[in-house]
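Please read the structure below before turning to the comments.
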Amino acid sequence: GFSGPSAWSCTRWCTAATHSISTRYSDEISRAPMVLVNPEIVAHSTERTLREEGCLSIPGEGEDVERAARITVRYLDAQGQEQSLPCDDLMAIAVQHEVDHLDGIVYVDHVSSLKRELIRKRMKRVKENRGQNREAPRPSV
């Protein structure tokens, strides 16, 4: 998936696409990226699922995240028509992940503070190493 904030956009939209086979979705829906404008999760199951998630915002990292196993999302489609979609499996996870982005939440906000701190330290080291590997700018003459 991809969300507005990831594209430096202040609008509330995201995309979600999965390649999982699900009895609820036709191949067309589950394989083609969907555009969800102003998505709102209006229902979720009490049943939970645990799955590893990663994110372009935190490259090279991934952790198990617990989420609702099934949700219903209400949104406007690319043509501006209101839609409601029940989601399960990977689609439910993808939509929850992308809606979180719209609310300023990343997947590490759902893991323990210890795991979050370990990820923060690793990302800091990556950033420092990148800075050390760059040549200093040469002064222009």
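Is at least one residue of segment 16-27 at pLDDT below 85, surrounded by 14 or more Cβ atoms within 10 Å (Cβ to Cβ) and under 15 Å from residue 101 (Cα atoms)? Checked segment 16-27: at least one residue is at pLDDT below 85, surrounded by 14 or more Cβ atoms within 10 Å (Cβ to Cβ) and under 15 Å from residue 101 (Cα atoms). The single condition among (1) at pLDDT below 70; (2) exposed (fewer than 13 other Cβ atoms within 10 Å of the Cβ) that residue 6 does not satisfy is (2).
Residue 56 meets the conditions (1) surrounded by 15 or more Cβ atoms within 10 Å (Cβ to Cβ); (2) within 21 Å of residue 35 (Cα to Cα); (3) under 18 Å from the mean Cα position of the chain (by Cα) in every case but one. The failed one is (1).
Among the residues making up segment 83-99, a single one is in a helix (DSSP H, G or I), under 10 Å from residue 68 (Cα atoms) and among the charged types (D, E, K, R): 89. In segment 125-137, the residues that are in a loop (DSSP other than H, G, I, E, B) and modelled with pLDDT of 85 or more form no Cβ pair under 8 Å with any partner that is open to solvent by less than 100 Å² (accessible area, probe 1.4 Å) and of a type in the set (Val, Ile, Thr), whether six or more places apart or across chains. Checked across segment 34-49, the condition of being open to solvent by 70 Å² or more (accessible area, probe 1.4 Å), assigned to a strand (DSSP E or B), modelled with pLDDT under 90 and on the phi > 0 side of the Ramachandran plot holds for no residue.
Selection over segment 71-108 of residues that are out of contact with any Leu (no Cβ under 9 Å at 6 or more places or on another chain), among the charged types (D, E, K, R) and either within 17 Å of residue 33 (Cβ to Cβ) or open to solvent by 80 Å² or more (accessible area, probe 1.4 Å) (or both) gives a count of 2.
The values are calculated or read from the model by the stated rules, or taken from the named source; none is laboratory data. As the structure is a computational prediction, the values presented were derived from the model and not from experiment. When we count neighbours, we look across all protein chains shown, and the Cβ atoms used for this are built from the backbone with ideal geometry, even at glycine. With ligands, DNA and RNA removed, areas are computed over all heavy atoms of the protein, side chains included. Shrake-Rupley method; radii C 1.70, N 1.55, O 1.52, S 1.80 Å.
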